[in-house]
Amino acid sequence: MNNATDFVIFGGTGDLTLRKLLPALYRAFNENNINSKTHIYLTCRNQNDIDNYLNKAYDFLVSQLNQNEFEETIWKKFSQMLKPILLDIKGDGWDNLKNALRPIHKTERVFYFAIAPALYAECCEQLNKYQLNPVESRVVVEKPIGYDRQSAQTINTAIGHFFSENQIFRIDHYLGKETVQNLLVLRFSNLLFENMWDHRSIDHIQISISETVGLEGRAGFYNEAGALRDMVQNHLLQLLCLVAMEPPNKLNSDSLRTEKLKVLQSLRPITQDNIHEESVRGQYISGNINSTQVAGYLEELKREKSFCETFVALRAHVDNWRWKEVPFYLRTGKRLKERCAEVIVQFKSVSHNIYAKSQGIIQPNRLVILIQPNEKIQLQLNCKNLAETETQLKPATLDLNLNTSSNSFQSDAYKRLILDVLANDPSLFIHREEIDHAWAWVDPIIEAWKITDYQPELYSAGTWGPEAADKLLSQDSRSWHNAQDLSSETQQ
Ligand code: BG6
């Protein structure tokens with residue numbers, strides 16, 4: 001059990017707080033993982049928000065939590081922890097916070113910035129001015145950290161002025177997903193994979209996050225960012241790090257983060273010289289998703305023109321011994337056919353095929369790690385078709401469904417990460433250097449798109465993206481593994 005904490009959320013009435021943080025805190029409390037002497041302060045900018053806070057929090061919890069998770073008796077106890085507080089980051093109210101917080105030698109102290117990054121610096125300065133940030137306190141910051149390498153450095157320096165690196169917890173919520181952490185367990189606790197996890201056995205890797213949602217009311221932000229900044233710079237590169245990193249010598253935050261950083265530093269640059277071969281940009285037009293007609297990007301945006309990509313696919317390479325010439329195909333997009341996040345490890349063919357004469361080419365093994373919506377691991381093998389007397393090979397799938405959690409446990413990335421912050425464990429948070437090197441790889445891609453005037457190719461909503469994305473793989477005689485492949489394979 002963690003210690004009693006003063007947990008201050010700046011941006012108490014924002015979407016992130018109401019939709020993600022409060023449900024996560026409620027779940028952790030419900031599972032008995034939050035000290036009952038913890039106070040959760042939620043900054044509000046006007047008295048009206050304060051007066052209505054508990055009603056609003058109640059409504060959001062009822063709508064965000066799964067059926068049967070919300071209980072009035074739990075809410076009664078949980079709501080006593082919630083303490084809305086009047087504070088305008090750029091104005092008044094800092095005294096209110098100062099008076100409310102308990103002495104640091106008696107209580108832990110966490111500041112959660114659920115606010116626009118433009119306010120981070122100001123917030124830090126005020127915390128310092130009011131002497132609220134002793135060395136024992138921690139600060140949690142959300143993505144996006146910056147718009148490019150330079151702006152990320154500015155943000156990190158501004159925070160770093162008032163908090164040392166070990167006090168700063170930068171969130172990438174993908175690292176809080178239990179199935180993402182399972183990647184490490186799978187890799188580093190199974191000899192089977194330990195010995196096969198390199199260029200000698202692996203043909204290529206696919207990392208794919210497809211979404212069916214569109215702009216979700218974030219047009220202003222998204223149109224400036226695009227899929228590369230919004231998803232690849234953080235979530236996809238973090239997944240790539242976990243798949244590609246060397247085994248850390250210990251399971252601690254320093255070792256983990258050091259190994260991830262080495263992967264980012266080994267990424268082969270994509271520049272204007274190879275941008276057309278190695279990258280694909282797309283933008284959705286109207287289409288049909290799950291029998292519902294949805295508008296195109298420009299209609300959603302209410303603009304006539306935009307060159308923002310809502311889809312991106314890349315062929316990446318990690319230039320080190322382990323991954324010599326093994327392509328990592330990365331793909332993400334909005335308004336695609338299905339919501340799915342997965343890592344595909346495609347093994348090579350057996351070195352000598354004794355069945356060549358009768359069976360032709362044998363299908364190589366494939367490991368499918370499904371992160372969401374279902375949490376599964378599938379290993380595709382070849383077996384004998386038992387119904388035939390003559391040896392006939394038949395692909396078969398070992399199918400491990402991980403979603404067998406008991407009712408009392410709800411997998412929730414934010415819950416997991418908040419509990420790690422409370423436990424002062426930074427392993428699943430991003431180090432400043434990682435942010436810096438991720439941008440160092442992404443910036444030249446954006447620059448090359450600009451220089452070569454690389455416009456997004458249109459794709460219909462409800463498809464798997466632009467045709468060029470298929471070509472990216474087909475020219476290497478490969479193809480994307482799509483979510484529907486998985487369901488048809490399971491039925492075999
Ligand atoms: C966020 C992006 O970081 O991740 C969103 O800003 C995206 O655009 C979201 O929709 C996806 O997260 P998840 O957990 O729903 O896959």
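The values are calculated or read from the model by the stated rules, or taken from the named source; none is laboratory data. These figures come from a predicted structure and were not determined experimentally. Cβ coordinates were reconstructed from backbone atoms using ideal geometry, including for glycine residues, and neighbour counts include every protein chain displayed. Areas reflect the complete protein model, heavy atoms only, side chains present, ligands, DNA and RNA absent. Shrake-Rupley method; radii C 1.70, N 1.55, O 1.52, S 1.80 Å.
Taking the range 314-362 as the range and being of a type in the set (A, V, I, L, M, F, W, C), surrounded by fewer than 22 Cβ atoms within 10 Å (Cβ to Cβ) and within 20 Å of Val213 (Cα to Cα) as the test, only Cys340 passes. Residues in the range 422-445 that are open to solvent by 10 Å² or more (accessible area, probe 1.4 Å) and touching a Gly at 6+ places or on another chain (Cβ under 8 Å): 3 in all.
Report yes if Ser266 is more than 16 Å from the ligand (Cβ to nearest atom), at pLDDT below 95 and not aliphatic (A, V, I, L, M), otherwise no. Against the criterion (more than 16 Å from the ligand (Cβ to nearest atom), at pLDDT below 95 and not aliphatic (A, V, I, L, M)), Ser266 does not qualify. Within the range 111-138, the only residue that satisfies the criterion of being open to solvent by 30 Å² or more (accessible area, probe 1.4 Å) and of a type in the set (Phe, Trp, Tyr) is Tyr130.
Inside the range 257-276, can you point out the residues that are touching a Ser or Thr at 6+ places or on another chain (Cβ under 9 Å) and exposed (fewer than 15 other Cβ atoms within 10 Å of the Cβ)? Across the range 257-276, the qualifying residue is only His276. Every test in (1) in contact with a Gly (Cβ under 6 Å, 6 or more places away or on another chain); (2) at negative phi; (3) of a type outside the set (S, T, N, Q) is passed by Arg335 save one, and that test is (2). Do we have Ser253 as within 22 Å of the chain's Cα centre (by Cα), crowded, with 17+ Cβ neighbours inside 10 Å and within 15 Å of the ligand (Cβ to nearest atom) here? Here the answer is no, as Ser253 does not meet what is asked. Within the range 205-216, is there a residue that is within 11 Å of the ligand (Cβ to nearest atom), on the phi > 0 side of the Ramachandran plot and at pLDDT below 95? Yes, some residue in the range 205-216 is within 11 Å of the ligand (Cβ to nearest atom), on the phi > 0 side of the Ramachandran plot and at pLDDT below 95. If a residue counts only when it is among the polar types (S, T, N, Q) and either open to solvent by less than 60 Å² (accessible area, probe 1.4 Å) or farther than 24 Å from Ala423 by Cα (or both), which helices (runs of 4 or more DSSP H) contained entirely in the range 21-82 have at least 3 such residues? Answer list for the range 21-82: 47-64.
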